[in-house]
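What follows is calculated from the coordinates using simple rules that are stated; it is not laboratory data. Computed from a predicted structure; not experimentally measured. Using ideal geometry, Cβ is built from the backbone for each residue, glycine included, and neighbour counts are taken over all protein chains shown.
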Amino acid sequence: MDSPDSSTPFLNFQNTKEVVLVVLGAFIYAAFNRWFEKKTKVIAYIGQTGTFKLKERENSPEAEISTHQLVIRNEGKKLAKNVNVIHVNLPDDFTVFPAIEWNIKELNYGAKALIFPNLAQSQQITIAYLYPPNFPYTIHGEISHDEGMAKIIKVLPMRQFSWWVYTLCYMLMISGLAFWTYLLFFLFTYLQIL
């Protein structure tokens with residue numbers, strides 16, 4: 001077995017440079033591919049909720065009604081087809097806004113599905129429900145489309161800042177990115193990788 005020559009370094013920096021560049025290129029390609037890939041991304045969240053007490057009127061007694069909204073949005077860059085909103089208990093009184101094509105499909109065990117054939121890119125629909133307070137708690141279940149399940153997100157109210165605050169934050173993020181890029185370049189140059 002030949003012993004390595006003591007004059008050749010154990011780690012060849014030229015080969016290391018090529019490996020680092022290939023790995024970085026693969027990560028950059030994957031990031032750009034994921035960012036620009038055309039796919040559907042359906043999200044949903046619960047909008048406004050409330051309970052109202054209706055006063056006694058002529059021919060109608062005092063009553064309580066509850067309401068909530070389900071907001072569904074296609075955040076993707078592709079048309080979402082056959083968006084199904086499964087309802088364990090679908091109230092008789094509901095509305096869909098804006099007015100788009102939809103239909104109801106009967107499912108097993110008395111469940112129903114609201115089916116929206118197409119949900120365009122950046123299109124948002126709101127389903128508003130009106131029901132008595134003693135109505136069963138579970139109204140809608142899972143939301144799916146031809147390419148998978150919708151992501152249910154939690155929406156929290158937050159303060160909206162002025163445009164200059166967002167601009168300042170973006171400038172700080174870009175300067176931080178420039179600093180770390182320069183630092184990595186300096187480190188690679190110092191180690192003779194680049």
> What label, among (1) 22.4; (2) 20.7; (3) 21.7, belongs to Kirkwood radius over Cα pairs in Å computed from the structure on display?
Replying inline: (1)
> Rounded, prolate or oblate: which fits segment 41-98 when a ≥ b ≥ c are the square roots of the eigenvalues of the alpha-carbon gyration tensor, with rounded for a/c under 1.5 and prolate only if a/b beats b/c?
Replying inline: prolate
> Add -39500 (n - 2.57) for each DSSP H run of 4 or more in the chain, then divide by its residues: what number comes out at 222 nm, to the nearest 500 deg cm²/dmol?
Replying inline: -9500 deg cm²/dmol
> Which whole-angstrom value gives the distance between the alpha carbon centres of segment 87-117 and segment 23-72?
Replying inline: 16 Å
> Of Leu191, Asn84, Trp102, which is farthest on the positive side of the dipole of segment 62-194, counting Cα position, with +1 on Lys and Arg Cβ, -1 on Asp and Glu Cβ, and the Cα centre as origin?
Replying inline: Leu191
>> At 7 Å along Cα-to-Cβ for each site, give me the label-to-label distance between Met158 and Tyr29 in nm.
In response: 3.5 nm
> Just Gly47, Gly176, Gly25 to compare: in a GNM of the chain, with alpha carbon springs under 10 Å, which one fluctuates most?
Replying inline: Gly176
>> I want to verify a result. In a Gaussian network model of the chain, Cα cutoff 10 Å, which of these has the top mean-square fluctuation: Leu70, Leu172, Leu130?
In response: Leu172
>> 5 Å is the cut-off here: which amide hydrogens, built 1.01 Å from N in the peptide plane, fall below it relative to Gly47, excluding neighbours closer than 5 in sequence?
In response: Gln69, Leu70, Val71
> Across segment 64-79, in residue order, what do the Karplus-derived ³J(HN,Hα) couplings come to in whole Hz, using 6.51 cos²θ - 1.76 cosθ + 1.60 with θ = phi - 60° and x for Gly and Pro?
Replying inline: 10, 10, 10, 8, 7, 10, 10, 9, 10, 9, 8, 8, x, 9, 9, 5
> For segment 32-90, which GluC sites (Glu not before Pro) are both in a DSSP coil and crowded by at most 12 other Cβ atoms within 10 Å?
Replying inline: Glu37, Glu56, Glu58, Glu62
> For the chain, how many pairs of lysine residues have a Cα-Cα distance under 25 Å, where the two are 8 or more positions apart or belong to different chains?
Replying inline: 29
>> Please compute the contact order of the chain in relative form: average sequence separation of alpha-carbon pairs under 8 Å and at least six residues apart, divided by the residue count, as a percent.
In response: 23 percent
